[in-house]
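Shown next, in structure tokens, is the structure this report addresses.
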Amino acid sequence: MARFIVRRLLYAIVTLWVIITLTFVLMHSIPGQPFNNVDKMTPTILAHLNYTYGLDKPTYQQYLIYLNNILHGNLGTSFRYEDRTVNSIIGTGFPVSATLGFEALIFSVIIGLALGVYAALKHNTWADYTAITIAVLGVSVPNIVLGPLLSYYVGVKLGWLPTGEWGGFEYTILPSITLGMTSLAFMARLMRTSMLEVLGMDYIKTAKAKGLSNREIVWRHLFRNSLLPIVTILGPLVVNIITGSIVVEETFAIPGLGSSFVESITDKDYTVIMGTTIFYSALYILSLLLVDICYGFVDPRIRLAGGRD
Amino acid sequence: MKKWKPLSLAAFVAAVLALTGCGSTASSPGSSTNGAGSQPKLAAAQTVNLLEPSDVEGFDPNIADEEITITAISQIFDGLTRIGSDGVTPEKAIASSWDISSDGKTYTFHLRDAKWSDGPAVRAQDFVFGWKRELSIDKYGFIMNMIQGADAVVNLDPKASAAEKQAKLDAVGIKAIDDKTLQVQLTAPTTYFLGLTAFVPFYPAREDFVTKQGDKYGTSAATLISDGPMQLSDWKQGSSWAFVKNANYWDASKVQLTKANYTIVKDQSQAVNLYDTKKSDMVYMLNADNTAHYRGTPDYHELSIDANYYAEFNPNSSNAVAAKAFKNANIRKAFGESIDRATFVKTILNDGSKPATGLVPPTVPGDPKAAGDFRTQNGTLVKDNDPTTAKADLQKGLQEAGLTINDLNSIHFLTNDTSTAGKLAQLITQMWKQALGVTISIDTVPQKIRVDSQHKGNFDICFAGWGADYADAMTFSDLFTTGNSQNDTKYSNPQFDALIKQAKAEPDNSKRAQELEQAEKLMLADGYISPVYFKGVAVIQKPTLQGVSFLPLGPDYDLKNAFIAQ
Amino acid sequence: MANLLEVKDLEVSFKTHGGEVQAVRGVTFSLNKGEVLAVVGESGSGKSVTAQTIMRLIACPPAVIKNGSIRFDDRTDILSLTDKQMEAVRGSEIGMIFQDPMTSLNPTMTVGRQIAEGLIKHQALSKSAGLDKAVELLQLVGIANAKERANQYPHQFSGGMRQRVVIAIALACNPKLLIADEPTTALDVTVQAQILDLLKELCDKLGSSILMITHDLGVVANIADKVIVMYAGKVVERGTARELFYDPKHPYTWGLLRSIPRLDTDDTMDLIPIEGTPPNLLNPPQGCAFAARCPYAMDICTTRQPEETAVSESHAASCWLMHSQAPKVDHGLMLGGANR
Ligand SMILES: Nc1ncnc2c1ncn2[C@@H]1O[C@H](COP(=O)(O)OP(=O)(O)O)[C@@H](O)[C@H]1O
Ligand code: SF4
Ligand SMILES: [Mg+2]
């Protein structure tokens, strides 16, 4: 297991380096410059700014400086917000996104799994069909539609919850639901399929033949085994939820990393775009790694074989 | 989504002070507080809740270079002057009086007893320090180019030594005669200079404090002092900030608001939701999508701002057909004449924007001896929605240029990737198709790339906008002089250049205005650009929020006289 | 000896989109204490459905128990027990072994825990006592290093070993009845005999009866006391193993006997499978279900169901050939050859 983790880590580092390089190259091959107020910029001001930010140096030098800074954990300074480092932008934005993402994840996993389990146990009854309909709706209605709908109907028309902004727990409910809905639906469908598959397995009959109650069977045999495919998709799901939060943060005016990422893209804020991309990538790679390790813990066949490839 | 608006304050020369209320389309919808008698009753809580689509970049006035930051900073600072509630007239602020030399080049300001938010007096030296700091940081230093020696600092090679830079800074014509007297030396009489002193780059900065804070200056409530109606009390970067009333403000007795809360809300439909749920008192610059819902309610207002949007036809395009076509005056004219500006404004913008009738938008002052603003004085110079003439001009032009109508189908329209820009491109090309029978294809690129290509002259047809830097026709006309970095079509007319040069040195305001009017006529007749609309801004504001002054250039609004009515 | 299990007129159908599949159509049999009853028949004849109905493992829906009773150990009808009551019977009084040991164990639970689960539930043992007992059981079913093996997962066991584990699970609580549904079909031929011997030995030791489902007459010959032959959801012949092998009465039984390799001769030439396929149970034939495949079928066979006719007290078959007016036919089998 340790060897497996070390190997995975090495891959992760190489992947990250490739991403850093690609992002750098891409950023520098886009025409236009990253400063504000471009409509008013005079050539003299531009020259000054390029000098201050080192953009007048040859590209390879800029690249080496950038790599060296990253190695020292320094992602640079924002072009737009000159007083802010990318590290501090991520530092203030990410906890918010993570809170939102975490809540959405909890929501989608708990409700999604419950819905999936319920549908599978009530297979081919109207309860099953209802659950599936919810799941299909959840998958087919995108965040960008669901968010404004919830905000308007629940927030403005009914006035039950805040329509947006970021305050206490009540502010997180609508965005979490919006953000979690797709995953929830996906989760429910996957769990249902997986449960039905496991339900048909002989070892469920064996368990039943032992005289275990339905509850015992569901919890000890059915649930855990049905979770296996779910764990596999958890990594992509986490990332999905984080990147999905870009739209949701925008819709609900949440000061997370997603909204600053979008802003940096519109502003062509080099360092913030690169820093955030690298951060997201690292997160993605890390979550895949964690999922692999988790999978090992859930499935003994993998744990003992020393990881899968 | 960043708002776009002219970047500095409107200003009238001292002489214009007499002409009160001239063209002030941007005055406060909530009406003035200063009227006696029927003054509305104040509500118990004087807190205003506002939304902005992006964060402040910092509260250091010397780094501010975009609208939201500028608007925020101007609520907490006071310059030598401050724009009055009519939205255009500079009024006494930190300066209680001033003298202008007879050649119009020396300004002597006398400061009142004003204090910084942390207690010490605001001194003339603070202005010297602040203005020179502006020049040396050079974010917006060019706005000071009428001050003696300013250009030398701004145009200094970035690699120049510190000593060299210091020497240039020392030579700039800004001087504290004593604590209470500031003297400024200009290179030419500048009619709008007084108005500029109300603008953010001209705010004071206190050396001891700024030096002590270093890089942290203006990055939090603890590292900022200000001399305006409010002061920063809290800033959660990326999410919100708040101002509280500044008890040390010299005019504090007139300030009613005790608190202003700002939340960053990028998505306008969310902003509107917050407004509808009473979480916000105002939404500035509504999109066309949202105006219809509020139009006709007491909350809805339309303002004019000093900005003009126009199409550019590039005779220097690398596309040979486009270059050939737009070298021809008749073809350029045909393109301009066939735009139906009223339809354009109504279908795309729907926010109070008006069909453009010239280069200089309304409210910009003209000849002080004549009635009306520059626009009224110079009349309508744009031929609008005339397909018949356009068609004839096109035929003539094609013959002269040796082109066929089908050749023109290879011409491209370069535009932004925002939705408004997209719709705009669709509509304008459709108008050309209908009126002229040419099919112009649309190239969509991100905004910064569009601007870049435009400034480099890599386009056939493009849309451009310009907001006034100061309340004077020169801010628009100057752009089209030979060699100006904003002159995208590389327009060059010696006669035009001469008129501008003459106006710049003209001590007689009346003659100066006439020269600028003549230049505008000349430039528009050449037809390399065709004005399309004067920008308007739609605002929704709770009827209880009153006394806000909306400004046609520079900051969006001023809350100094604002209050919450019962 | 008293009847341990008495199944009477059992009818089970499945509701499907295509209609009602009549999987079990009036099955009656009984099983005494300590006895081994074999249920034979081609696949699809309703053996598993019958067995699972006894265990109440059959899912309703889609299954419907249309008729019949199942009396176990002289108590009330199993079919009328509540779910809770049934849980107390399963595992504790009736154990069950399934066909495929590769899939009948949970891949994510240690073998020891899977054995202990039933014990913990039925004998109110603590978790550790349950696990200790599981180790003993593993020893009992012949697994070396039982203590260590108990902590392993199914994928670490071979097929035969897994079936031993399954047997340990089924016998953990000393059930009175063991239902084994083709317990050796999925195993290597070499392992099959070992597993059967183990089963037999353990049941003898524990005094458990066995309901052995198989389509392998060799297995029957090896361990069964009594046999019932099922075809298309019905019992077509019943008797002692001896009677079935020495004096089979039903043409389907003949067919089965013809289709098995005989251990006492090398003559594999006359191994003849039964031609044709079983009838569609969505729409079972009006007369004898075997008629379409029966070489001796008569007119009446296709129109009327044959009644069960007793040959002796223990032996009976359902075939028109046993009617007094039916022609005598020669089945041409060399009988009594099963290697006992
Ligand atoms: N869940 C089910 N749905 C529909 N038909 C079924 C189901 N289970 C079994 N059957 C049908 O019942 C009949 C008997 O099956 P089974 O008892 O498994 O046969 P076997 O004798 O091979 O064990 C078969 O025709 C089968 O197709
Ligand atoms: S009843 Fe008729 S068809 Fe059926 S087995 Fe007997 S002879 Fe054959
Ligand atoms: Mg079977």
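The values are calculated or read from the model by the stated rules, or taken from the named source; none is laboratory data. Here the structure is a predicted model, which is why all the values come from computation and not from measurement. Neighbour counts are summed over all protein chains in view; Cβ atoms, including those assigned to glycine, are modelled from backbone coordinates with ideal geometry.
Considered as a group, the residues in segment C:270-295 that are in contact with a Lys or Arg (Cβ under 7 Å, 6 or more places away or on another chain) and within 11 Å of ligand 2 (Cβ to nearest atom) include one that is nearest to C:Gly233 (Cα to Cα), and that residue is C:Ala289. Within segment B:340-387, the set of residues being of a type in the set (Ser, Thr, Tyr) and on the phi < 0 side of the Ramachandran plot comprises B:Thr343, B:Thr347, B:Ser353, B:Thr357, B:Thr376, B:Thr380.
Determine whether C:Gly44 is at pLDDT below 90, closer than 22 Å to C:Ala221 by Cα and either more than 12 Å from ligand 3 (Cβ to nearest atom) or surrounded by fewer than 23 Cβ atoms within 10 Å (Cβ to Cβ) (or both). When the stated conditions are applied, C:Gly44 passes them. Look at segment A:183-206: where a residue is more than 14 Å from every other protein chain (Cβ to nearest Cβ) and a partner is among the acidic types (Asp, Glu), sitting 6+ places away or on another chain with Cβ atoms under 8 Å, you get A:Arg192/A:Asp128.
Checking C:Met322, C:Met334 one by one, the residue that is modelled with pLDDT of 75 or more and not charged (D, E, K, R) is C:Met322 and no other. Quick one: in segment C:13-37, of everything that is more than 14 Å from chain A (Cβ to nearest Cβ) and without any contact (Cβ under 8 Å) to a residue 60 or more places away in the chain, which residue is farthest from ligand 1 (Cβ to nearest atom)? Ranking the qualifying residues of segment C:13-37, first place goes to C:Ser30.
Total residues in segment B:270-304 satisfying the condition of being among the small types (Gly, Ala, Ser), more than 22 Å from the chain's Cα centre (by Cα) and either modelled with pLDDT under 85 or surrounded by fewer than 18 Cβ atoms within 10 Å (Cβ to Cβ) (or both): the figure is 2. Summed over segment B:107-141, residues that are in a strand (DSSP E or B) and more than 26 Å from the chain's Cα centre (by Cα) total 5.
Filtered by the rule that a residue be touching a residue at least 24 places away in the same chain (Cβ under 8 Å) and near ligand 2 (Cβ under 8 Å from one of its atoms), segment C:296-321 gives C:Tyr296, C:Met298, C:Ser318, C:Cys319, C:Trp320, C:Leu321. Just the residues that are in contact with a Ser or Thr (Cβ under 9 Å, 6 or more places away or on another chain) and away from chain A (no Cβ under 13 Å), please, taken from segment B:467-480. If the condition is that a residue be in contact with a Ser or Thr (Cβ under 9 Å, 6 or more places away or on another chain) and away from chain A (no Cβ under 13 Å), then B:Ala471, B:Asp472, B:Met474, B:Phe480 are the ones that fit.
Within segment A:46-74, the residues that satisfy the criterion of being out of contact with any helix residue (DSSP H, G or I) (no Cβ under 8 Å at 6 or more places or on another chain), farther than 22 Å from A:Ile19 by Cα and either without any contact (Cβ under 8 Å) to a residue 24 or more places away in the chain or among the acidic types (Asp, Glu) (or both) are A:Leu46, A:Ala47, A:His48, A:Leu49, A:Asn50, A:Tyr51, A:Thr52. Annotation note: of B:Ala464, B:Ala473, the sole residue that is surrounded by 22 or more Cβ atoms within 10 Å (Cβ to Cβ), of a type in the set (Gly, Ala, Ser) and within 26 Å of B:Glu66 (Cα to Cα) is B:Ala473. Please verify whether segment C:156-170 includes one or more residues that are in contact with a helix residue (DSSP H, G or I) (Cβ under 9 Å, 6 or more places away or on another chain), more than 28 Å from C:Lys47 (Cβ to Cβ) and within 14 Å of chain A (Cβ to nearest Cβ). Within segment C:156-170 (the criterion being in contact with a helix residue (DSSP H, G or I) (Cβ under 9 Å, 6 or more places away or on another chain), more than 28 Å from C:Lys47 (Cβ to Cβ) and within 14 Å of chain A (Cβ to nearest Cβ)), the answer is yes, since at least one residue qualifies.
Within segment C:191-237, the only residue that satisfies the criterion of being basic (Lys, Arg) and within 16 Å of ligand 1 (Cβ to nearest atom) is C:Lys234.
If the condition is being more than 9 Å from chain B (Cβ to nearest Cβ) and closer than 21 Å to A:Gly258 by Cβ, then segment A:155-166 contributes only A:Leu161.
Taking into account only those residues within segment B:393-432 that are part of a helix (DSSP H, G or I), in contact (Cβ under 8 Å) with a residue 12 or more places away in the chain and of a type in the set (Ser, Thr, Tyr), which is surrounded by the most Cβ atoms within 10 Å (Cβ to Cβ)? Selected residue: B:Thr429. Look at (1) over 30 Å from A:Ile70 (Cα atoms); (2) surrounded by fewer than 24 Cβ atoms within 10 Å (Cβ to Cβ) and you find that A:Asn240 fails only one, number (1). When residues in segment A:152-198 are screened for being more than 20 Å from A:Leu137 (Cβ to Cβ), of a type in the set (S, T, N, Q) and buried (at least 24 other Cβ atoms within 10 Å of the Cβ), 1 of them pass. Has segment C:99-117 got any residue that is within 14 Å of the chain's Cα centre (by Cα), under 28 Å from C:Val227 (Cβ atoms) and within 11 Å of ligand 1 (Cβ to nearest atom)? The answer is yes; a qualifying residue exists. Looking across segment C:12-34, the residues that are buried (at least 18 other Cβ atoms within 10 Å of the Cβ) and away from ligand 3 (no atom under 11 Å from the Cβ) come down to C:Val12, C:Ser13, C:Phe14, C:Val21, C:Gln22, C:Val24, C:Arg25, C:Val27, C:Phe29, C:Leu31.
Per the listing B:Ser510, B:Ser477, B:Ser549, the residue uniquely touching a Pro at 6+ places or on another chain (Cβ under 7 Å) and among the hydroxyl-bearing types (Ser, Thr, Tyr) is B:Ser510. Of all residues in segment C:38-88, those satisfying the criterion of being within 16 Å of ligand 1 (Cβ to nearest atom), within 14 Å of another protein chain (Cβ to nearest Cβ), touching a strand residue (DSSP E or B) at 6+ places or on another chain (Cβ under 6 Å) and within 29 Å of C:Ala241 (Cβ to Cβ) are C:Ser48, C:Val49, C:Ala51, C:Thr53, C:Ile54, C:Met55.
Residues in segment B:55-82 that are of a type in the set (Val, Ile, Thr), under 16 Å from B:Leu559 (Cβ atoms) and in a helix (DSSP H, G or I): B:Ile68, B:Thr69, B:Ile70, B:Thr71, B:Ile73, B:Ile76.
For segment C:283-295, the candidate set comprises residues that are free of Cβ contacts under 8 Å to residues at least 60 places away in the same chain and within 16 Å of ligand 1 (Cβ to nearest atom); within that set, the residue that is nearest to the other protein chains (Cβ to nearest Cβ) is C:Ala289. Taking the criterion of being in a helix (DSSP H, G or I) and facing another protein chain (nearest Cβ under 9 Å), the residues of segment A:207-222 that qualify are A:Ala207, A:Lys208, A:Ala209, A:Asn214, A:Glu216, A:Arg220, A:His221. When segment A:238-266 is filtered for residues that are at pLDDT below 80 and out of contact with any Gly (no Cβ under 8 Å at 6 or more places or on another chain), the ones remaining, listed by number, are A:Val239, A:Asn240, A:Gly244, A:Thr266. Taken as a whole, segment B:458-468 holds no residue that is over 22 Å from B:Val382 (Cβ atoms) and charged (D, E, K, R).
Among the residues of segment A:77-108, just one is acidic (Asp, Glu) and under 15 Å from the mean Cα position of the chain (by Cα), namely A:Glu103.
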